[in-house]
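Note sheet for the following structure.
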Amino acid sequence: TLATLLAARGMALILANNASVSVDSAAGFASISLGSVFSIPLPDGAFSVTIPLLVMLFAYAIGSVALNYTRFGRHVLAVGGNEEATRLMGLPVARIKISVYAINGALAALAGVILAALTFTGLPTERIGWELSAIAAVVVGGTLLTGGMGSVGATLVGVLLLGLIFNILNFENGRGLVSLSAYWQSVIRGLFLLVVIILQ
């Protein structure tokens, strides 16, 4: 996974000539972050919050139902818990793993499309390190790194908890109560992840 990440990131830099790719406003791509919902026009900024929120809630609902109430979800947890035992039970382990990676890739691509529409630019180096933030949120939500145990609801709690912590730090930093640079967020996120892994 990490090897493919590095290769894809390098290819993106090559294709973009190591520069940002501006979004053509006349092409309609930026309309993802501007416009209306149910024919109700929204001011600039309001829609940019609404679309990611709707996408997140939709993905959360679908993921929660799939993991908790479908055969596919039980198979995913089984593969995560013990891949060899799952194979011996006769389940198609390779097909399940490919499906999970394909779904993950599609959701990551969707997030990239929304990010490009919101920022009006495509930047190959944008949001480097978010994969570690995602891992931290999932682990804080109680998912075991060894696999076999996880919950979409608990992951959402982990995301909200990390977001709350960093928003509080940013707020207090803005008021002058905390004097931390932005780089300290990476330090705190890493230590937080380390503590949770040790507790697991």
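The values are calculated or read from the model by the stated rules, or taken from the named source; none is laboratory data. Every value quoted in this text rests on a predicted model; they were computed, and no experiment measured them. When we count neighbours, we look across all protein chains shown, and the Cβ atoms used for this are built from the backbone with ideal geometry, even at glycine. Note: accessible area is taken over every heavy atom of the protein model, side chains too, but ligands, DNA and RNA are not part of it. Shrake-Rupley method; radii C 1.70, N 1.55, O 1.52, S 1.80 Å.
From Gly122, Gly129, Gly147, grab the single residue that is closer than 25 Å to Ile188 by Cα and surrounded by 15 or more Cβ atoms within 10 Å (Cβ to Cβ). Talk me through it step by step, then tell me what you get.
On the way: Gly122 fails: closer than 25 Å to Ile188 by Cα; Gly129 fails: surrounded by 15 or more Cβ atoms within 10 Å (Cβ to Cβ).
Testing whether each residue is closer than 25 Å to Ile188 by Cα and surrounded by 15 or more Cβ atoms within 10 Å (Cβ to Cβ) leaves just Gly147.
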Requested in this report: Determine if region 154-166 includes at least one residue that is part of a loop (DSSP other than H, G, I, E, B) and surrounded by 12 or more Cβ atoms within 10 Å (Cβ to Cβ).
Outcome: no
Query raised in the report: Any idea which of (1) small (Gly, Ala, Ser); (2) at pLDDT 75 or above; (3) out of contact with any helix residue (DSSP H, G or I) (no Cβ under 6 Å at 6 or more places or on another chain) is the one Gly174 doesn't satisfy?
Result: (2)
Query raised in the report: If only one of Ala106, Ala154, Ala116 is over 27 Å from Ser22 (Cα atoms) and at pLDDT 75 or above, which one is it?
Result: Ala154
Requested in this report: Kindly list, by first and then second residue, each pair from a residue in region 79-105 that is open to solvent by less than 50 Å² (accessible area, probe 1.4 Å) to a residue that is among the charged types (D, E, K, R), limited to pairs with Cβ atoms under 7 Å and residues at least 6 apart or on different chains.
Outcome: Val79/Lys97; Val93/Glu83; Val93/Arg87
